[in-house]
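J.: Sending over a structure as structure tokens; questions will come in a sec.
The values are calculated or read from the model by the stated rules, or taken from the named source; none is laboratory data. Keep in mind that what you see is a predicted model, and the values were worked out from it rather than measured. Cβ atoms come from the backbone with ideal geometry, glycine included; neighbour counts cover every protein chain shown.
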Amino acid sequence: MSDMNIRDISGADYEAVLRTITELSEERFHFLNIVDDIANHILMRLFKFASSAKPDFKAQEFVETIFPRAVEDTFQNYQKAAFAYCFSKTKEPELSEDISQEAIMEMLLSRNNINNISAWLFQVTHNLLCAYYERLSQEQRVYELLRRDSAILQELSKQEDNFDITYLNDADKKMIIASEEYKKYEELLSFESLTDFAQALDISEKTAQKRKEKIIRDLKSKTMLAMGWEASQDILNYNQYHAIQRFIRELLSLENIEKYVKSNEELSRKVSDTMQGIEQVHDWGIVMLKNDRFMLHIFSLKGGKTPTNISFNIILNDRNSIVLESCKETELVATHKMPENLRIPIHLGESLWSYAKVVSILEQ
């Protein structure tokens, strides 16, 4: 890869950096699809050097140097996610620490290909918790709750057409079965094929496929809301999801903003200024605040360089119309220069999952 100035990283240079990260990751981690997570950590550090990089800065050397630290950060995040899940179920920090470390250890020792690390990690953490509480008869209630949640999580993550609500509690199950979404789902299942479904409705198979996707997404959305989920794209039903997608597209094009701000000229100008220079939304998330109010977060590498996170408070009503109440650019990923005289005590800088430890486990 040719030398490049970090200020000008884009296009082919950006792709070359990604190739280097991919090569280093695949060389070390044969069974884990970890490239994207490591790349995120490295790229964030790469962008943060933009304001202080010297003219002779070489991005490839930087990637090779920072790779061990990125691995450590990645596994720290994995353990934090496993710990958070354990603690939400048990409220026991020591147990959560033990289970989350054991889950990471199993992941490193696995000789099976793990493509979706997050899903695998949550499932294994779930299994470890179940095994722990299974041994404790006095905690039978927690064990049964985990079993139920595990079954539901597996169903929600499936891509197949069938959907089992057996493991919902009685009240939620009764509500789901009585819903219009479930009735449509049962009607869908009564047909042996998509072709039969399309013929019965006198529509094309393409339209029938969209109807099928809507039925399944609507049912899963209703089930997740019944379980208490509040922060996920999956809590949105089919029409809500596509309304948000349309809203994001119009934010990028800055078209029809006026219809969302309801004659609020100051907010319209703020949205235009905030979205200026953003050509693509790389990821987005949504949190239900109350009833029809949501907070939408979009993440973008502004201009292909600067990491940007923008939050929108919106109303999404029953007609799937969106009203924008406010927007704010969150400075979570701003560039900060490390003071030259800053010293961190050694014991505070130690990583629980050091690169050397990760490598030693991989080589077992």
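J.: Can you tell which of GLU181, GLU192, GLU186, GLU213 is part of a loop (DSSP other than H, G, I, E, B), farther than 20 Å from LYS89 by Cα and modelled with pLDDT of 80 or more?
T.: On the way: GLU181 fails: part of a loop (DSSP other than H, G, I, E, B); GLU186 fails: part of a loop (DSSP other than H, G, I, E, B); GLU213 fails: part of a loop (DSSP other than H, G, I, E, B).
One residue alone meets the criteria, GLU192.
Results for (1) at pLDDT 80 or above; (2) farther than 16 Å from SER272 by Cα; (3) in a helix (DSSP H, G or I), shown as yes or no for each residue.
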position	(1), (2), (3)
PRO307	no, yes, no
ILE310	yes, no, no
ASN313	yes, no, no
ARG319	yes, yes, no
LYS328	yes, no, no
PRO339	no, yes, no
GLU350	no, yes, no
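J.: Kindly indicate which of GLN240, GLN245 is modelled with pLDDT of 90 or more, out of contact with any helix residue (DSSP H, G or I) (no Cβ under 7 Å at 6 or more places or on another chain), closer than 27 Å to LEU43 by Cβ and not in a loop (DSSP other than H, G, I, E, B). Give the steps one after another, and end with the answer.
T.: On the way: GLN240 fails: closer than 27 Å to LEU43 by Cβ.
Just a single option satisfies the conditions, and that option is GLN245.
J.: Please pick out the residue among LEU267, LEU236, LEU254, LEU219 that is surrounded by 13 or more Cβ atoms within 10 Å (Cβ to Cβ) and at positive phi.
T.: Working: LEU267 fails: at positive phi; LEU236 fails: at positive phi; LEU219 fails: at positive phi.
Result: LEU254 is the single residue among LEU267, LEU236, LEU254, LEU219 that is surrounded by 13 or more Cβ atoms within 10 Å (Cβ to Cβ) and at positive phi.
J.: Could you check the range 229-250 and list, in sequence order, the residues that are among the acidic types (Asp, Glu) and within 21 Å of LYS184 (Cβ to Cβ)? Spell out the reasoning first.
T.: Residues of the range 229-250 that are among the acidic types (Asp, Glu), as a first pass: 230, 234, 250.
The one that is among the acidic types (Asp, Glu) and within 21 Å of LYS184 (Cβ to Cβ): ASP234.
J.: Same structure, new question: Please verify whether TYR260 is modelled with pLDDT of 85 or more, aromatic (Phe, Trp, Tyr), part of a helix (DSSP H, G or I) and closer than 15 Å to PHE312 by Cα, treating the condition exactly as stated.
T.: Details: modelled with pLDDT of 85 or more: yes; aromatic (Phe, Trp, Tyr): yes; part of a helix (DSSP H, G or I): yes; closer than 15 Å to PHE312 by Cα: yes.
So TYR260 passes the test.
J.: From the residues in the range 77-101 that are closer than 20 Å to ILE361 by Cα and surrounded by fewer than 16 Cβ atoms within 10 Å (Cβ to Cβ), which one is farthest from the chain's Cα centre (by Cα)?
T.: Only one residue fits best here, namely ASP98.
J.: Separate question: Please give the number of the condition THR274 fails out of (1) free of Cβ contacts under 8 Å to residues at least 40 places away in the same chain; (2) closer than 19 Å to THR330 by Cβ; (3) in contact with an Asp or Glu (Cβ under 8 Å, 6 or more places away or on another chain).
T.: (1)
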